[in-house]
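K.L.:
Take a look at this one; I'll ask things after.
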Amino acid sequence: MIRYHYQTDFELEDPSKYTNWIIKVAEAGNARIAELNYIFTSDEELLTINKEFLNHDYYTDIITFPYEEGEELAGDIFISVDRVRDNATQLNEVFEQELRRVMIHGVLHLLGYQDNSPEQASGMRDREDLALKMFHVEH
């Protein structure tokens, strides 16, 4: 089950499109979604979480907290809508596209992919690109 929670004035248009896409990406990674919560929040709220749980004192666009590991994906994915908007502007990208990239980034982390080194980050970006193409194929 995938749920969307809003702690800001932002809301997804047609969440079912996102749900179907996320399920397809998980299935392509040989996993199924048990429970996934997307929490859309502000820069300040995500900064607080980043400091409290990760001891990082900087803004970020996403923090993923897995519940368990294995073939079933479960976790909370916190996304700063403010940071996604800023990043989209800086990257000259459409907000919705950058949002999808960040949303699937969390799923890829739950699938076990990391981005701690330049090589890992490059591989993560390639996987994000493939997943983004799946969104456009589905819809």
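K.L.:
Scan the range 106-120 and give yes if some residue there is crowded, with 17+ Cβ neighbours inside 10 Å, at pLDDT 95 or above and farther than 22 Å from P66 by Cβ, otherwise no.
P.N.:
Scanning the range 106-120, I find no residue that is crowded, with 17+ Cβ neighbours inside 10 Å, at pLDDT 95 or above and farther than 22 Å from P66 by Cβ, so the answer is no.
K.L.:
Next up: Output the residues belonging to the range 17-30 that are polar (S, T, N, Q), touching a residue at least 24 places away in the same chain (Cβ under 8 Å) and assigned to a helix (DSSP H, G or I).
P.N.:
Selection gives N20 alone.
K.L.:
Next question. Whether any residue in the range 41-59 is within 16 Å of L12 (Cα to Cα) and at pLDDT 95 or above is what I want to check.
P.N.:
Yes, the range 41-59 contains a residue that is within 16 Å of L12 (Cα to Cα) and at pLDDT 95 or above.
The values are calculated or read from the model by the stated rules, or taken from the named source; none is laboratory data. Model, not experiment: these values are computed from the prediction. In this analysis, Cβ positions are derived from the backbone assuming ideal geometry, glycine residues included, and neighbour counts consider all displayed protein chains.
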